[in-house]
Structure formats: structure tokens, C-alpha cells
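Structure first, commentary second.
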Amino acid sequence: MSQKNETTILALALLLTVGIVGSGFWWFTNNSGVKIGNTITQNPETVSQDRLSFGEKTFTSGEISPVKKEGVQAIANKSYDKAIANFTAALKLNRNDPEALIFLNNARIGSSKSYTIMGSVPFGTDPNVSLEILRGIAQAQNQINTSGGVKGVPLRVGIANDDDNPEIAKQIASSLVSNSEVLGVVGPNTSDSTLAAGTIYTSGQLVAISPTSTSVKISNFSRYVFRTVPSDFMAARSLANYMVRTLQKKNAVVFFNSQSNYSQSLKSEFVSSVSLEGGQVSSEFDLSKADFSAARSVEQATKQGAEVLMLAANTATLDKALQVIQINQKRLTLLGGDDVYTVKTLEIGREQAAGMVVAVPWHIEGDPKSDFPQKSRQLWGGDVSWRSALSYDATVALIAALERNPTRSGVQQALASSEFSTSGASGTIRFLASGDRNAPVQLVKIVPGSRSRTGYDFEPVR
């Protein structure tokens, strides 16, 4: 390829990356809300309170409907009947707004006795991922409350906006630990935030179940930190196996972010797994470096005889990974980790990303016997992502633990018990002594399709 063509393609990739904003998984993006600023004041307690809501403030970005605004104000004023009417009306306008559904269920509880859990999500920096996670939490809350609650007691859900920032996640954790009503946490989202906040949850003896943190460092990290998502070891092993045994390819290069625990973890596990399969990783390219060049990296990989480009990018370096996809022009086979599994990859990658195989914990068409896909489609009006399914599982696990013993220590003991088992979106939920869930990984491929409304879809590799 000529230097002129490479420059043109890179410019196009940069333009597309800047110009198109990922819209949440599939078409779940027209959610309303008032964006909360991310400015950190000097008082950690003020920061955490500004970042917590049971309905008295909204975190979703964009324009919000007048009835949702009125509902938020009504909850703040403890006018629960008015809030119920407002949020019911808001959901008729926008049925796939999980924040509104959570607030509606909280308004129905009002000042009555309830069990409280929190969802820790990155609204300020990744609103779409936050909405995906909250859909799972909201569905589980709605399900238990409409069926009579946890042994007759309804479940109240609070939302914490941690911005995927480890320091903010720690401040939020301190605030939640000091609130004795909080009996469990779903989150945080990233491995870095989970590891940082996990130290606070551990010292405060408050259980946190992350639905999305995959770093191998979380295994055996704490008796109070669990996860419903398989570790990077499982994803890397599946991708390496597919590369060497199915594709019959032996030489790969990896793109990763050295500043991300998740990305480093996935990269290291992939390198080890490929070696065990009899292949090799000939180069590693750090997407976080200021002088990173997609064109130079792909050229170097090609000269080294690489057959596969493995994208272990995290959310912060996804744009650079998408540049690699554009520059590659489908010459070398593409593999990716679960952070690449986003509608933005479909929107920007398009034909150049077609055929790429990504390892994810769950896919809506992965298990034909499960009734979760049908129930989630009925509730939200469309398909949900793996983040929603695994967040649903984390919430269902907390509910099952609360049914056994609705105290902080009781929740921890229930989840840690070898006899603990409950059913979720992705099958049976039980935890190993390490806090991990021993669950399989689903490989999906990007193919032309209409479900995502981008012209391309992720479909299970059969």
C-alpha cells in the first residue's frame, strides 16, 4: 500500500472516530437525562453525595422529558405518588430507560422498609456502558419487586456515578460502607476501579459483585469482591484456541493499553495461551503511547509475518484500535477482547471489521433454552448486551443472598458458601473460593446484519 493511501485511510479513520459517538448497545441511546458535571471538589464526602442517587437526581446525559424531570423533583420532595405517575409516563415515552425504571420502583417503595443495594457505574465518562449495566440491575429489581419482594421486603436500588475513576470509586465505596442500609454493590465496571474500591469494601465488610471486571488480579483479591463475568484467562484461552486450532494460524501481534489492568491482563493471558497452543506472539504494541502509529504498527506486524492482529484494547484506547482495523484493510485476521464488543466498533469498523472474532461472556442468541432474552426484549423493546445480562446475574445473586440472610455478613457468607447456587441470565450462578465464577466464554463474529441498525451485527460463532 502506498504511503499516500495509508495517510488517506488513517485520516478517514481519525475523522470517523472523532465524528461518530458510540450510541450504546444496539439502539438504546435516546435516553433522557441531565448530565452531571465531573468536577471534583476538595471534600470527598461532598463528591460522593453528589454522585449518589435514589431518584432525587438523574445522571443520564442528553435532553430529558419534562415528566422525568418532575419525577426526579417529586422523589426529592418525597411526593411518591406524584413520582410514580411521572416515571410511569416517562417510561411510556422511553421504555428502555433503566434509570427511570429504577426510580419508579424506588418511588413505589417510598418510605417503607426495604433492602438497599447500589449500582456503581461510569455515567460521567461512559454513559452507554452505564445504561447497559443498569438495564440488568433494573430488570432484576423490577422482577423481584413485582413478585412480592425479598421474602416480602422490596429491593431499593441506588445509583453511584464513579466515572471509571479508581479514586472516585474509592470515595464512593467509603460513603457506601458508612451507610449501614447498603447491603451490597453491583460494580464497579473496570478492573482498575474494582481493585481500588475493593480495598475499601473489604475493610468495610461490604460485598461488591462486578459484572464486567475481568482482570486476573481480581481472583483471590478479597472475600468481599466477587464477579459474575469470567476472568481474562478464560477469554484469552478461547481466542488462542480458536486462532491456532480453528484458523490454523500460529503468529500474532497484540495491541494493548499498558495503563489498564484489564488490557494488561488480557494481553498477558493471550500471550501465554498462544504459546501453550504452539503459536507465538511476535510483537506487542502499546496503544497508550503518545507516538503510537496504527500504520507503522500494522506495517511492522506484516513484515514480521504476523497472521493475526489481537486487539486487547480497553474503552480508553478503543479509538486507536479502530484505526488499526481501518489501516489493516482486512489483510490480517482480527481478534478482540470484550471491550471491543460495542456498537461503536460496528459503526466505524463496518466492512473492515467484518469477520473479526471477539470473546464475550454472553450473547443474546448464545443459549436458545434461556428465557432471559425474551423477557429482556419484552421489557426494553430490543436486544441487550452481555453487560446487561451479567449485571442482572450480579443483582440476582445479591437477591438470593439477601433471601438467606439480609445482613452484610450474611450476604458475604451466603455468596462464599460452596452450597450457594441460583439461576441467572447466563445459566447457574455460583462462585469459586477465589470469588470468580467458573463460566464459559462465547466467541462472536462481526457479520452483515440489521439488528444493531448499523448494517453489521455480532453473531455467535457456531
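The values are calculated or read from the model by the stated rules, or taken from the named source; none is laboratory data. What you are looking at is a predicted structure, and each value in this text was computed from that prediction instead of being measured. No Cβ is skipped: glycine too gets one built from the backbone with ideal geometry, and neighbour counts run over all protein chains shown. Ligands, DNA and RNA are stripped out before the accessible areas are found, and what is left, the full protein with its side chains, is counted by its heavy atoms. Shrake-Rupley method; radii C 1.70, N 1.55, O 1.52, S 1.80 Å.
Odds and ends about this structure:
- Modelled spin labels at Leu93 and Arg223, positioned 7 Å past Cα toward Cβ, are 4.9 nm from each other.
- Across the chain, the relative contact order, built from alpha-carbon pairs under 8 Å that are at least six residues apart, equals 16 percent.
- When the stretch 187-269 is described by a simple charge dipole with +1 on each Lys and Arg Cβ and -1 on each Asp and Glu Cβ, the residue from Val229, Ile209, Val254 located farthest towards its positive end is Val254.
- Against the main long axis of the alpha-carbon atoms of the chain, helix 386-404 sits at an angle near 40°.
- Each residue, Ser147 and Asn438, gets one label point 7 Å from its Cα in the Cβ direction; the gap between the two is 2.7 nm.
- For the stretch 308-462, with +1 on Lys and Arg beta carbons and -1 on Asp and Glu, the positive-most of Leu402, Gly349, Leu379 along the dipole: Gly349
- Cα-projected label distance for Leu247 with Gln205, points at 7 Å along beta-carbon direction, nm: 4.9 nm
- Potential extension, Lys445-Lys289 segment - 0.36 nm per residue separation minus Cα distance: 53.3 nm
- Around the Cα centre of the stretch 359-462, unit charges on the Cβ atoms of Lys, Arg, Asp and Glu (plus for the first two, minus for the last two) sum to a dipole of about 120 debye.
- Qualifying trypsin sites (Lys or Arg not before Pro) for the stretch 305-380 [loop in DSSP, other Cβ within 10 Å: at most 15]: Lys330, Arg331, Lys369
- Degrees, to the nearest 10: 127-146 long Cα axis against longest axis of the chain: 40 degrees
- Long-range HN-HN contacts of Gln442 with modeled amide H, under 5 Å: Val360, Trp362
- Residues whose amide H falls under 5 Å from that of Ser210, counting only those 5 or more places apart or on a different chain, are Gly187, Phe226, Arg227, Thr228, with hydrogens built in the peptide plane.
- Test item: Cα-centred dipole of the stretch 404-460, Lys/Arg +1 and Asp/Glu -1 on Cβ, debye: 140 debye
- Selection from Ala389, Leu318, Ser297 lying farthest towards where the dipole of the chain points positive, charges on Cβ: Ala389
- In the stretch 116-210, trypsin sites (Lys or Arg not before Pro) in a DSSP loop with at most 13 other beta-carbon atoms within 10 Å: Lys151
- Dipole moment magnitude, nearest 20 debye, the chain about Cα centre, only Lys, Arg, Asp, Glu C-beta charged: 660 debye
- Surface share of carbon and sulfur [accessible, 1.4 angstrom probe, percent] for the chain: 49 percent
- Distant-in-sequence amide H partners of Gly110 (H built 1.01 Å from N, under 5 Å): none
- Calculated Rg and Dmax of the Cα atoms in Å (choose from [x] 22.8, 72; [y] 21.7, 69; [z] 27.8, 96), label: [y]
- Heavy atoms of the protein chains alone define the surface here; on that basis the chain has 39 Å² accessible area per residue at 1.4 Å probe size.
- Per-peptide packing, taken as the mean over residues of other Cβ atoms within 10 Å, places 119-126, 256-263 in the sequence 119-126, 256-263 from highest down.
- Surrounding net charge for Leu276, when Lys and Arg each add one and Asp and Glu each subtract one, Cβ distance under 13 Å: +1
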